[in-house]
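Step one of this worksheet: look at the structure below.
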Amino acid sequence: MEESAFLEIRRRMQSGLLIIREPKAGNLPVDITVAPGSLEIKSCQACKMINFPAEVRIVPSSCRGLQYIAGDGLHVRLQVQADSNTKLISTLSESLKAQKSCIFYCQSCGEIIIKERMFLRVLPLPSENWSALVEEWCCHPNPFANSTLHPQNNDCFLGHTYFLVNSGNESHGPGTETVHSKTEHSASERGSMWKSKENARVICKRCKAMLGETVSSGTTKYYITEMIIQPSGKHFDMIPRSQFVQSIIAQCLVDLSSARSTFRFRIQGHDGKVYILMWLLNSDTLLVESMGNSASSSVFTFLEDNLRPDSRSSGTWNAVKVLYHPCIKNRNKDLADAWENDIGVHPLTFPSKTCLELLLILSLSNACLPPSLRCMNSFQVAFLKM
């Protein structure tokens, strides 16, 4: 008997939805015993134990709302006490510090892009629509109408999805080369600081991944999903691409929702095309999915094997829960057009290939969910692991 359990935990509410996956017909009926740290599932053929991680403790007396859903299995709501010791991937603001030497790597292949760079100033950029806001605030002509924000030598400017560096005399790093190409920008970008329709793409010499763009003769724009930044002298460890992309984007969604109360996002490529419409549902989720086996141990199988640090270990995943619509091949075009003109929707721009990678990650996450949890209000449901 192979039984599995899916547990979605809301940390702030200390509540969880436990789904015991539908057993095979030959194993029915089954008796289920819920203990603080485990599930015991008995059938006429076998008895299996599913152990939860030590940081997850169930309150057995709180079980309520038991129901059977065909295709899923047994659903039950319960109170859960959960701690999380998961180490998050460092954010850009944590990795880049003034007066600290650091090395920039291509995330896809590990090639050194910028070696031993120290910035005297690391400054956050204003919002993408800062120029339009100035026009609303000023009773006289906008004094910054023809101004652009470019970093001085030894400056680094941080945006939400990119950072700007002054290339100075270095041109680009030893691991990069430039490719000239024309890009089409969406309407929301026409009023932003980047008004040129022709930028030179910066790509990695080794793997040819797009890292960023040159936005002026002395300024390079690098996307946060394409680079790993580490202090000089620290050992470099490769992070699986899927794990890195979803962690970085999940953290970006959480930061923007906290700072601006923005929960709807338009994911678009550097070519201006919209790839995904995304709605952040909650950011305090812990996920557990375990498979029982004869040794009474737990193996957590949510998403892909390469997204787990050790396929033999057990643990919980910090995650954000999102609703999404794919927009490739003109899917959901009417809604995409409506969101483009909605000031409550925040655009996030990444390389087009990364947008497709994110869409694949969302699709895989959706396919791993119990069938009854895959859709909500016509949106598809997915989790991004942090």
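The values are calculated or read from the model by the stated rules, or taken from the named source; none is laboratory data. Since the structure is predicted, the reported quantities are computational estimates derived from the model, not experimental observations. Note: ideal-geometry Cβ built from the backbone for every residue, glycine included; neighbour counts use all protein chains shown. For accessibility, only protein heavy atoms count, side chains too; no ligands or nucleic acids. Shrake-Rupley method; radii C 1.70, N 1.55, O 1.52, S 1.80 Å.
Listed values, structure above:
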{"quantity": "Any hit, region 13-27, residues being in a loop (DSSP other than H, G, I, E, B) and at pLDDT 90 or above", "calculated": "yes"}
{"quantity": "Near pairs, Cβ below 7 angstrom, 6+ apart or cross-chain, from region 338-360 (free of Cβ contacts under 8 Å to residues at least 12 places away in the same chain) to any residue that is open to solvent by less than 20 Å² (accessible area, probe 1.4 Å)", "calculated": "none"}
{"quantity": "In region 317-363, residue farthest from Cys204 (Cα to Cα) [restricted to those that are of a type in the set (Asp, Glu) and in contact with a helix residue (DSSP H, G or I) (Cβ under 7 Å, 6 or more places away or on another chain)]", "calculated": "Glu340"}
{"quantity": "Any hit, region 208-219, residues being part of a strand (DSSP E or B), in contact with an Asp or Glu (Cβ under 6 Å, 6 or more places away or on another chain), buried (at least 16 other Cβ atoms within 10 Å of the Cβ) and modelled with pLDDT of 95 or more", "calculated": "yes"}
{"quantity": "Failed item in (1) open to solvent by less than 40 Å² (accessible area, probe 1.4 Å); (2) at pLDDT 90 or above; (3) more than 30 Å from Leu211 (Cα to Cα), with Pro53 passing the rest", "calculated": "(2)"}
{"quantity": "Residue in region 343-356 that is modelled with pLDDT of 95 or more, touching a Phe, Trp or Tyr at 6+ places or on another chain (Cβ under 6 Å) and of a type in the set (D, E, K, R) present", "calculated": "no"}
{"quantity": "Scope region 344-362; condition in contact with a strand residue (DSSP E or B) (Cβ under 8 Å, 6 or more places away or on another chain) and surrounded by fewer than 17 Cβ atoms within 10 Å (Cβ to Cβ); matching residues", "calculated": "Gly344, Lys353, Leu356"}
{"quantity": "Criterion: exposed (fewer than 14 other Cβ atoms within 10 Å of the Cβ) and touching a strand residue (DSSP E or B) at 6+ places or on another chain (Cβ under 9 Å) - qualifying residue of Asn377, Asn366, Asn341", "calculated": "Asn377"}
{"quantity": "Long-range neighbours under 7 Å by Cβ, at least six apart or interchain, first residue of a type in the set (Asp, Glu) within region 26-44, second at pLDDT 85 or above", "calculated": "Glu40/Thr33"}
{"quantity": "Among residues of region 255-264, those that are open to solvent by less than 30 Å² (accessible area, probe 1.4 Å) and under 24 Å from Phe104 (Cβ atoms), counted", "calculated": "1"}
{"quantity": "In region 92-101, the residues that are buried (at least 16 other Cβ atoms within 10 Å of the Cβ) and at pLDDT below 75", "calculated": "Leu92"}
{"quantity": "Complete set of residues in region 57-80 that are buried (at least 17 other Cβ atoms within 10 Å of the Cβ) and at pLDDT below 90", "calculated": "Asp72, Gly73, Leu74"}
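Condition check ((1) within 23 Å of the chain's Cα centre (by Cα); (2) touching a residue at least 12 places away in the same chain (Cβ under 8 Å)) across all residues:
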site: Ser61; (1), (2): no, no
site: Ile69; (1), (2): no, yes
site: Leu92; (1), (2): yes, yes
site: Ser95; (1), (2): yes, yes
site: Phe104; (1), (2): yes, yes
site: Ser108; (1), (2): yes, yes
site: Ile114; (1), (2): no, yes
site: Met118; (1), (2): no, yes
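Matching residues to (1) at pLDDT 95 or above; (2) touching an Asp or Glu at 6+ places or on another chain (Cβ under 7 Å); (3) within 19 Å of Tyr275 (Cβ to Cβ); (4) surrounded by 18 or more Cβ atoms within 10 Å (Cβ to Cβ):
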residue	(1), (2), (3), (4)
Ile228	no, no, no, yes
His235	no, no, no, no
Gln243	no, no, no, yes
Leu253	yes, no, yes, yes
